[in-house]
Amino acid sequence: MSRDKTMTAEEAVGRLESGMTLGIGGWGSRRKPMALVRALLRSDLTDLTVVSYGGPDVGLLAAAGKIRKLVAAFATLDSIPLEPHFGAARQRAAFEMVELDEAMFMWGLTAAAHRLPFMPIRAGLASDVMTVNPRLRTVRSPYEDGEELVAVPALRLDAALVHLNRADVHGNGQYLGPDPYFDDLFCLAADQAYLSCERIVDTAELLKAQGPQSLLVKRAFVNGVVETPNGAHFTSCAPDYDRDETFQRAYTQAARDPEAWRAFTEQFLSGDEAAYQAAVAAFHEEEA
């Protein structure tokens with residue numbers, strides 16, 4: 001029988017160490033494990049290599065000075081093209097940056113999932129991604145075609161953080177929205193993975209919603225399960241909730257001014273997750 005892997009966000013983050021390579025699932029401002037990211041902000045972890053299809057996860061960690069190196073295809077809030085903290089951090093060269101295109105990033109995770117050193121792909125050939133990443137190498141096909149391909153290095157992770165709609169106590173995770181993103185690859189590419197979810201349900205309940213094809217993450221590749229309702233906020237977690245555009249605008253506006261950011265941090269990020277959710281509710285009451 002599979003063991004119960006439930007834990008708190010603080011317990012999950014407590015298993016991580018400074019200097020780790022940390023993969024964060026989701027995509028831009030969509031289904032990010034924000035409750036786990038906020039727990040990271042409350043920790044003393046630092047010097048992280050962050051691997052992410054970046055959104056506010058990257059922005060918040062950059063603002064807190066916790067990133068030593070970022071591996072990303074982009075850092076966006078979707079409806080707001082550029083993540084503001086990421087943009088500011090890049091302008092002041094706050095961390096080392098490895099910029100890959102979206103396909104390179106996916107195949108880097110795939111190589112790591114299969115425990116391969118690299119994957120040969122066509123993406124990136126004849127593009128500036130090869131110029132901005134002079135460490136990238138090409139390989140030539142050993143077969144008759146002799147084609148030159150990019151050798152994308154494996155994106156091996158010490159740990160991964162992902163957020164899904166539903167999970168059971170054993171670590172099986174289910175997405176109910178329109179896109180799985182690459183959360184399964186993040187878990188497969190990591191030595192340890194922590195899954196937060198909107199709601200923990202019985203295993204049998206996972207089969208009722210959309211069938212077994214929606215079971216994205218398998219228990220064998222998950223070390224901890226954290227139930228965090230509204231835990232992707234302010235990113236979307238369809239169909240449970242959409243992106244909180246009003247709050248995202250407030251976040252972006254605050255990020256552009258140091259004094260405003262200090263006030264935002266004090267209002268929303270100075271306490272635990274329950275305090276954050278209460279502050280968000282109060283924010284919307286005031287807006288209304």
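Throughout, read-outs are computed from the coordinates displayed, never taken from laboratory work. As the structure is a computational prediction, the values presented were derived from the model and not from experiment. All Cβ positions, even for glycine, are placed from backbone atoms using ideal geometry, and neighbour counts span all protein chains on display.
Figures for the structure shown
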item: Proxy reagent accessibility, fewest Cβ within 10 Å first, across VAL201, VAL58; result: VAL201, VAL58
item: Which of ILE67, ILE24, ILE200, ILE121 has the fewest Cβ neighbours within 10 Å, and the rest in rising order; result: ILE200, ILE121, ILE67, ILE24
item: Mean shadow area of the chain over all directions, Cα convex hull, nm²; result: 16.3 nm²
item: Pairwise centroid distance, computed over Cα atoms, of segment 80-137 with segment 1-76, Å; result: 18 Å
item: Order of MET20, MET34, MET130, MET119 under a 10 Å beta carbon neighbour criterion, fewest first; result: MET130, MET20, MET119, MET34
item: Proportion of all alpha-carbon pairs of segment 1-49 beyond 16 Å (%); result: 47 percent
item: Nearby lysines by direct alpha-carbon distance to LYS208 (threshold 30 angstrom, same-chain neighbours under 8 apart not counted); result: LYS5, LYS32, LYS218
item: Label-reachable residues, segment 219-248, where backbone N falls under 12 Å from a point 7 Å from ARG199's Cα toward its Cβ; result: 229-230, 239-241
item: Local electrostatic count, MET104, Cβ distance below 13 Å [Lys/Arg +1, Asp/Glu -1]; result: -1
